[in-house]
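The values are calculated or read from the model by the stated rules, or taken from the named source; none is laboratory data. Because the structure is a prediction, the values reported are computed rather than measured. Neighbour counts run over all protein chains shown; Cβ positions are idealised from the backbone, glycine included.
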Amino acid sequence: MDRNQRTASNLRVYEIFHSIQGESNTIGFPTTFVRLTGCPLRCVYCDTEYAFHGGQWMSLDEILTAIKAHKTPRITITGGEPLAQKPCISLLTSLCDEGYKVAIETSGALDISQVDSRVSIVMDLKTPGSGECDRNRMQNLQKLSRKDLIKIVLCDIDDYNWAQSIVEKYQLNNICEVIFSPSYGQLNPAHLAEWILRDELQVRMQIQLHKILWGEEQGR
């Protein structure tokens, strides 16, 4: 197949790679990542701007073949924003049918209602400090279940106060696990830990493991 050929069922893939999961509720597990090209958001702390463009068009069969080269049952579909490409839904279902443990990392700005119920959704709510807070699709919260995860990346104390209010307003802990993560190089993780303890919030604090292992440039 022509790598530059775009069809209704093909996906533009920036990269497929095997690494250690650096965040979410499967942190530390060897995982195969499929990073899809493109994202409609422009968060100020984005660390995958390189994936906004480029990549190659691949069929579902080609993607599955590339994934099988890595001996791991865990697959994460990421981006960019993977749901910006409509065939992503079919890819998720195909991976579940193959018996993989599948997760998708999504901004939550796009509708998640068509995501296969077997997929673990890691939904990233955007704070005011991200610059994309108004893109949050709060009705997506109704589609989440206990197997899913809400992640909130915090830039400063104002973001923390906003996140605390959102957890309370929408009773997020009754929906699924909630993670607070400090924006890398922007918010001191120790400060975030102190705020969570001070306010006795029932959220999980998490630092990106891959950046601790390999640094900002090499970590992914």
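Considering only residues in region 117-134 that are buried (at least 17 other Cβ atoms within 10 Å of the Cβ) and of a type in the set (D, E, K, R), the one that is farthest from Lys101 (Cα to Cα) turns out to be Glu132. Filtering region 109-162 to residues that are assigned to a loop (DSSP other than H, G, I, E, B), small (Gly, Ala, Ser) and over 16 Å from Pro82 (Cα atoms) leaves Ser117, Gly131, Ser145.
If only one of Cys43, Cys39 is closer than 23 Å to Asp116 by Cα and touching a residue at least 40 places away in the same chain (Cβ under 8 Å), which one is it? I'd like the intermediate steps shown before the answer.
Details: Cys43 fails: closer than 23 Å to Asp116 by Cα.
The match here is Cys39.
Among the residues of region 164-193 satisfying the criterion of being among the aromatic types (Phe, Trp, Tyr) and in a loop (DSSP other than H, G, I, E, B), which is modelled with the lowest pLDDT? Working first, answer last.
Narrowing region 164-193 to residues among the aromatic types (Phe, Trp, Tyr): 170, 180, 184.
If we keep only those that are in a loop (DSSP other than H, G, I, E, B) too, we end up with 170, 184.
Working: Tyr170: 97, Tyr184: 90.
Among them, the one singled out is Tyr184.
Would you confirm whether or not region 40-53 contains a residue that is within 26 Å of Gly99 (Cα to Cα) and surrounded by fewer than 18 Cβ atoms within 10 Å (Cβ to Cβ)? Steps first, please.
Filtering region 40-53 for residues within 26 Å of Gly99 (Cα to Cα) gives none.
Looking through region 40-53, none of the residues is within 26 Å of Gly99 (Cα to Cα) and surrounded by fewer than 18 Cβ atoms within 10 Å (Cβ to Cβ).
Evaluate region 70-83: report whether one residue or more is within 21 Å of Asn25 (Cβ to Cβ), more than 18 Å from the chain's Cα centre (by Cα) and assigned to a helix (DSSP H, G or I). Looking for residues that are within 21 Å of Asn25 (Cβ to Cβ), more than 18 Å from the chain's Cα centre (by Cα) and assigned to a helix (DSSP H, G or I), one finds none in region 70-83, hence no. For Ile166, all conditions in the list (1) within 17 Å of the chain's Cα centre (by Cα); (2) surrounded by 17 or more Cβ atoms within 10 Å (Cβ to Cβ); (3) in contact (Cβ under 8 Å) with a residue 40 or more places away in the chain hold save one; what is the number of the exception? Unmet for Ile166, out of (1) within 17 Å of the chain's Cα centre (by Cα); (2) surrounded by 17 or more Cβ atoms within 10 Å (Cβ to Cβ); (3) in contact (Cβ under 8 Å) with a residue 40 or more places away in the chain: (1). Count of region 93-103 residues, restricted to those that are part of a strand (DSSP E or B) and either over 14 Å from Thr78 (Cβ atoms) or in contact with a helix residue (DSSP H, G or I) (Cβ under 6 Å, 6 or more places away or on another chain) (or both), is 2.
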